[in-house]
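The values are calculated or read from the model by the stated rules, or taken from the named source; none is laboratory data. Treat the numbers as computed from the prediction; the structure is a model and nothing was measured. Cβ coordinates were reconstructed from backbone atoms using ideal geometry, including for glycine residues, and neighbour counts include every protein chain displayed.
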Amino acid sequence: MPEPIILRCRVNGTSKTELITPNRSLLDLLREDMGYTGSKHGCDVGDCGACTVRLNGAPVLACITLAASAEGKSIQTIEGVAQREPSIVQQCFHEHVAAQCGYCTPGIVLVLEALFEEQPDPGEEEIRRILGSNICRCTGYTKILSAAIDARERRNGRPAKPPEPTFARDL
Amino acid sequence: MSAKGSSAKIDGLDKITGRALFTDDMSRPGMLHGAFLRSPHAHARIVSIDTTPALSMEGVHAVLVGEDLPVNYGVIPVAMDEHALAVGKVRFVGEEVACVAAVDRATAVRAARSIVVEYEVLEAVLSIEDAMNPDKPILHEGRRKASNVLRRVRQRYGDADAGFEAADVILEAEYDYPGSTHVALETQVALAEVTADGLLSLYSSTQIPHYLHRILGRVLQRRMQDIRVIKPHVGAGYGGKSDPFANEICAAALAIQTGRPIKIILDREEVFYAHRGRHRTKMWLKMGITKDGKITAADFKAWAEGGAYASYGVVTAYYFGVFLPLPYVLDNWRFESHRCYTNHPPCGPKRGHGAIQPRFALEQHLDRLALAIGMSPAKLRSINSVQPETETSNGLRITSVALNECIEAVVKASGFEEKMGKLPPNRGIGIAASAYMCGALHAIYASELPQSAVQICADRSGRIAIFSGTADIGQGSNHMLAQIVADTVGIESRDCRVLEADTDFTPVDLGSYSSRVTFFAGNAAVRAAEKLKAAIEQTLCKRWEVDAVRFEGGQIHGGMNAEGEPIVASFAQAVEWAEQEHGTLGFTGYYTPPKIGSRFRRQSVGPSPAYSFTAQVAEVEVDPETGIVKVLDVWCAHDCGKALNPIIVEGQLEGCVYMGVGEAILEDHNFTGPMSRRGPLHKSASILEYKIPTLHETPNIHSILVESMDKEGPRGAKEAGEGPQLPTVPAIANAIFDAVGVRMETAPFTPDLVLTAIERKARRDAKEAR
């Protein structure tokens, strides 16, 4: 058993000091040691994106990131996104019903939060490119994409693009 | 409420903010972790198992082997051929042989690997041909007939031979549909604990809390009232969590044995071996048609490779036939299906269970026949559609049908008639249609008991508590229940709380399978809510001395008083007055499907109280150099009866089309062959290798909702969670034919298959030209 090491980092704005084994994954640190269970195990090999968190702002796959690599850095999990109220991205996901089972949702929300912070007004092609990183098995990505586009509009002060179901009688 | 009656789900924000608890998010003080030792052989007799190396490891609390859980089980009572841990024999690579409980997962995994098992390796049965060969070894000894065929079904309706006589065109072809698996992002996980009062609680990622409850009682030989099954949030199922699993039974047994809580989670690779997905199926279809497009006869044979255990396989064998003709009228036909045992992981139900394979064959066949008689494939489908309020040749009672509206909608929205045969080279468009059930008339455990029940309680706080045994696995059944109850009494859905899937507190519902929940539990909720409404109505009419009241916007309205002022009370106030008059307000509603007589007594698998209908058009682009198929657009029109919550229904359509696209172009649940050195291993037991579509492989999906207002559905509703997947694969196959002129009789349409077909066609064309 390797010697434990001391890890100092910030999680959702709070300073943390943890004693960890050097091979501890960032996902296990967050879920098991700290109780941030919003990040999920989907594959444990970096295929699905359900474990995505932000490390110094950038999305990382927590299941294949060593906890030790967070030394001195700042981590944001899904629990740190909503401040009193859900973020615009979260509100759009809610209104578009972009979460069915909800297992992939925290990871995708964090990917979009990171995107919009870096590029406040990305084109649809850029949003599509970025969303290719995460697997959702329920929604066919349709509502995720429409929620992301709606969020981009609202974050930029433009009118909302609410979902508009189509009925045959309207055709 | 937002656009057109849609509302966001009551549990949406919990999921989006990471608060929703899934089973793996839960833990208990002193909790142990479990891990399995699995079989490295496809077929072998267990000679001996030595667990002492594991038991002597520090941190190991207990080890279970097959003999510790000797009672057989299975989800279908007529085919209970499973044990949580192999007894006597192993029948597939990956089968559970022993289970270790230890202080942490890593120790449990290490300990499981240290167990020594001596096997006597047997010849493996690895294909449909092997399974049908009487000279091959038998997987399950002791069955009435020594055979690897779990079930053969043969049915005939009308006179198929006379039907073929009446045909102008007769066509025969073979089709081969691949196996595929669910890949729900949450893997199977169970947490068991026994409290000091002797109650065993099992939290699990299950679609079937009630059947799990029964099976735990049977296998553990424990009274059902001493077992509590709870389903927390589930990271989806698509049919993959519809069986009792070894991790659930072993967690329960180990919690009893050790007195400690225990969690057993499967890793991703283990889920690929747990499987219970789509059956690889070989099919042969012969159909006849008149030159004006009337289908006159069909003859169908199907052989399904089922893997090592029965699961729902008996049902699969029947569904192949029941869902072959629907959504069309077919009076003269016969079918024969075989569901076989092989030494692969067991198959089971996946979205569109038993209907996906026959649709793949029949919808491509219809396109060929349309071409042969020079008729639009859309029109051919329309003129053969079943009609409302009729009975099919195989005794299915048909009520609401809006198939032709679905076909018209997708044809119009896609420009199908203008595009077919006229798109630029290598672009193509195709159509397909389908029907699916809204739950089964006959329960798995035959009885006349309610198949779904809902209890509701209202009190002076103004909120309504809803208790239901249903299993929300992401499809939104909790919201459906809340919305039905809320709409009935004119309040917001978020003022309803749903407690679901806790066998100690919620009335029985049979589970989330066969697209039954909205129809069955929805009807139960309507009935409970109407009773509550009637009680409040009675109190207010008496108090206000009016004949009628109206429930709207969180208030009850009683018209105007003598002074011309509105008579109105808040919902909470109205409930308080009703509580004063009636006492505590609690009501139940239940649903038992109607007794529908059939001419065919044996027809107990397949009939449903109602059927949904779907039409789809797919547009594709095929790269003739690489064989890569890009699905560009799919238009999906679905007759869901009534869209209770349009945006949630749309989400189901989109999810179905997506899953169909994966099965069409990417997914193949396949194994290395008998010659492979390490036995039949899964060829792609990871999300990356198995290749499920990302956003980049997903087409633009255009959903169109069609409402037929089913007279027995809750507020007119029918299913939307499975039926819309049925036409996707054949619509894409038909589009590929339109694009490059090749018939894809085998799926998935991978680049190598498509390229081979294109090259074969080029050689054929060249030969004909000479």
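Here B:P624 meets the list (1) within 12 Å of another protein chain (Cβ to nearest Cβ); (2) out of contact with any Leu (no Cβ under 7 Å at 6 or more places or on another chain); (3) not in a strand (DSSP E or B) almost entirely, failing just condition (1). Checked against the criterion of being surrounded by 18 or more Cβ atoms within 10 Å (Cβ to Cβ) and in a loop (DSSP other than H, G, I, E, B), the candidates B:A112, B:A84 yield just one match: B:A84. What about B:P680, is it within 14 Å of chain A (Cβ to nearest Cβ), more than 20 Å from the chain's Cα centre (by Cα), more than 30 Å from B:T592 (Cβ to Cβ) and buried (at least 19 other Cβ atoms within 10 Å of the Cβ)? No.
On the given criteria, is B:T290 at pLDDT 95 or above and in contact with a Phe, Trp or Tyr (Cβ under 6 Å, 6 or more places away or on another chain)? Spelling it out, it is not the case that B:T290 is at pLDDT 95 or above and in contact with a Phe, Trp or Tyr (Cβ under 6 Å, 6 or more places away or on another chain). Counting only strands (runs of 3 or more DSSP E) that sit wholly inside segment A:1-62, those with at least 1 residues that are touching a residue at least 60 places away in the same chain (Cβ under 8 Å) and more than 24 Å from A:I135 (Cβ to Cβ) are A:5-11.
Restrict the check to segment A:38-47 and report whether at least one residue is over 23 Å from B:S686 (Cβ atoms) and either at the interface with chain B (Cβ under 7 Å from one of its Cβ atoms) or in contact with a helix residue (DSSP H, G or I) (Cβ under 6 Å, 6 or more places away or on another chain) (or both). Among the residues of segment A:38-47, at least one is over 23 Å from B:S686 (Cβ atoms) and either at the interface with chain B (Cβ under 7 Å from one of its Cβ atoms) or in contact with a helix residue (DSSP H, G or I) (Cβ under 6 Å, 6 or more places away or on another chain) (or both), which makes the answer yes. Restricting the first member to segment B:636-654 and to residues that are over 16 Å from A:F93 (Cα atoms) and more than 9 Å from chain A (Cβ to nearest Cβ), and the second to residues that are of a type in the set (A, V, I, L, M) and assigned to a helix (DSSP H, G or I), the beta-carbon pairs closer than 6 Å and six or more apart or on different chains are B:C636/B:L653; B:C636/B:V657; B:H638/B:L653; B:C640/B:V649.
If we scan segment A:24-36, do we find a residue that is touching a Phe, Trp or Tyr at 6+ places or on another chain (Cβ under 8 Å) and either under 19 Å from A:G102 (Cβ atoms) or not basic (K, R) (or both)?
Within segment A:24-36, one or more residues are touching a Phe, Trp or Tyr at 6+ places or on another chain (Cβ under 8 Å) and either under 19 Å from A:G102 (Cβ atoms) or not basic (K, R) (or both).
Yes or no: segment B:178-187 includes at least one residue that is more than 14 Å from chain A (Cβ to nearest Cβ), in contact with a Lys or Arg (Cβ under 8 Å, 6 or more places away or on another chain), touching a residue at least 12 places away in the same chain (Cβ under 8 Å) and over 24 Å from B:H33 (Cβ atoms). Break it down into steps so the answer makes sense when it comes.
Of the residues in segment B:178-187, the ones more than 14 Å from chain A (Cβ to nearest Cβ) are B:178-179.
Okay, now just the ones that are also in contact with a Lys or Arg (Cβ under 8 Å, 6 or more places away or on another chain), so B:178-179.
Still in the running and touching a residue at least 12 places away in the same chain (Cβ under 8 Å): B:178-179.
Those left that are additionally over 24 Å from B:H33 (Cβ atoms): B:178-179.
Among the residues of segment B:178-187, at least one is more than 14 Å from chain A (Cβ to nearest Cβ), in contact with a Lys or Arg (Cβ under 8 Å, 6 or more places away or on another chain), touching a residue at least 12 places away in the same chain (Cβ under 8 Å) and over 24 Å from B:H33 (Cβ atoms), which makes the answer yes.
Taken across segment B:110-128, residues that are more than 27 Å from B:E269 (Cα to Cα) and either of a type in the set (S, T, Y) or at pLDDT 95 or above (or both) do not occur at all.
With the condition kept exactly as written, say whether any residue in segment B:544-552 is part of a helix (DSSP H, G or I) and without any contact (Cβ under 8 Å) to a residue 40 or more places away in the chain. Don't jump to the end; show me each part of the working.
Step one: filter segment B:544-552 for residues part of a helix (DSSP H, G or I), giving B:544.
Those left that are additionally without any contact (Cβ under 8 Å) to a residue 40 or more places away in the chain: B:544.
Scanning segment B:544-552 turns up at least one residue that is part of a helix (DSSP H, G or I) and without any contact (Cβ under 8 Å) to a residue 40 or more places away in the chain.
Residues in segment B:353-400 that are within 29 Å of B:H279 (Cβ to Cβ) and of a type in the set (S, T, Y): B:S385, B:T392, B:S393. If I filter segment A:91-110 down to residues being facing chain B (nearest Cβ under 8 Å) and in contact (Cβ under 8 Å) with a residue 60 or more places away in the chain, which single residue comes out as surrounded by the fewest Cβ atoms within 10 Å (Cβ to Cβ)? Taking the candidates together, the pick is A:E95. Scanning segment B:381-404 for residues that are in a helix (DSSP H, G or I) and crowded, with 22+ Cβ neighbours inside 10 Å turns up B:R381, B:L403. Considering B:V71, B:V97, the condition of being assigned to a loop (DSSP other than H, G, I, E, B) and away from chain A (no Cβ under 14 Å) is satisfied by B:V71 alone.
Could you run through segment A:70-90 and say how many residues are outside any loop (DSSP other than H, G, I, E, B) and either facing chain B (nearest Cβ under 7 Å) or without any contact (Cβ under 8 Å) to a residue 24 or more places away in the chain (or both)? Working first, answer last.
Our first condition is that a residue be outside any loop (DSSP other than H, G, I, E, B); within segment A:70-90, this holds for A:70, A:74-76, A:78-80, A:83, A:85, A:88-90.
Within this subset, residues satisfying the condition of being either facing chain B (nearest Cβ under 7 Å) or without any contact (Cβ under 8 Å) to a residue 24 or more places away in the chain (or both) are A:78-79, A:83, A:85, A:90.
The qualifying residues number 5.
A quick yes/no check of all residues on (1) within 8 Å of another protein chain (Cβ to nearest Cβ); (2) in contact with an Asp or Glu (Cβ under 8 Å, 6 or more places away or on another chain); (3) in a loop (DSSP other than H, G, I, E, B):
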position: B:I10; (1), (2), (3): no, no, yes
position: B:L13; (1), (2), (3): yes, no, no
position: B:G18; (1), (2), (3): yes, yes, yes
position: B:P29; (1), (2), (3): no, no, yes
position: B:H33; (1), (2), (3): no, yes, no
position: B:P40; (1), (2), (3): no, no, yes
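If we scan segment B:360-379, do we find a residue that is within 24 Å of B:Y318 (Cα to Cα) and basic (K, R)? Within segment B:360-379, not a single residue is within 24 Å of B:Y318 (Cα to Cα) and basic (K, R).
Quick grid of which residues meet (1) closer than 17 Å to B:G239 by Cα; (2) assigned by TED's automatic domain parsing to the domain that holds B:Y690; (3) buried (at least 22 other Cβ atoms within 10 Å of the Cβ):
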| site | (1), (2), (3) |
| --- | --- |
| B:E269 | no, no, no |
| B:H279 | yes, no, yes |
| B:M287 | no, no, yes |
| B:E305 | no, no, yes |
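Scanning segment B:11-66 for residues that are among the β-branched types (V, I, T) and either free of Cβ contacts under 8 Å to residues at least 24 places away in the same chain or buried (at least 23 other Cβ atoms within 10 Å of the Cβ) (or both) gives B:I16, B:T17, B:T23, B:T52, B:V63. Within segment B:421-468, the only residue that satisfies the criterion of being out of contact with any Gly (no Cβ under 8 Å at 6 or more places or on another chain), modelled with pLDDT of 95 or more, closer than 14 Å to B:H210 by Cα and small (G, A, S) is B:S468.
Residues that are in contact with a Phe, Trp or Tyr (Cβ under 7 Å, 6 or more places away or on another chain) and among the aromatic types (F, W, Y) within segment A:142-171 are absent altogether. Total residues in segment A:131-159 satisfying the condition of being in contact (Cβ under 8 Å) with a residue 12 or more places away in the chain, outside any helix (DSSP H, G or I) and more than 9 Å from chain B (Cβ to nearest Cβ): the figure is 1. Filtering segment B:655-704 to residues that are touching a Gly at 6+ places or on another chain (Cβ under 7 Å), assigned to a helix (DSSP H, G or I) and under 18 Å from B:H638 (Cβ atoms) leaves B:G655, B:V657, B:Y658. Checked against (1) away from chain A (no Cβ under 14 Å); (2) not in a loop (DSSP other than H, G, I, E, B), B:K711 passes all but condition (2).
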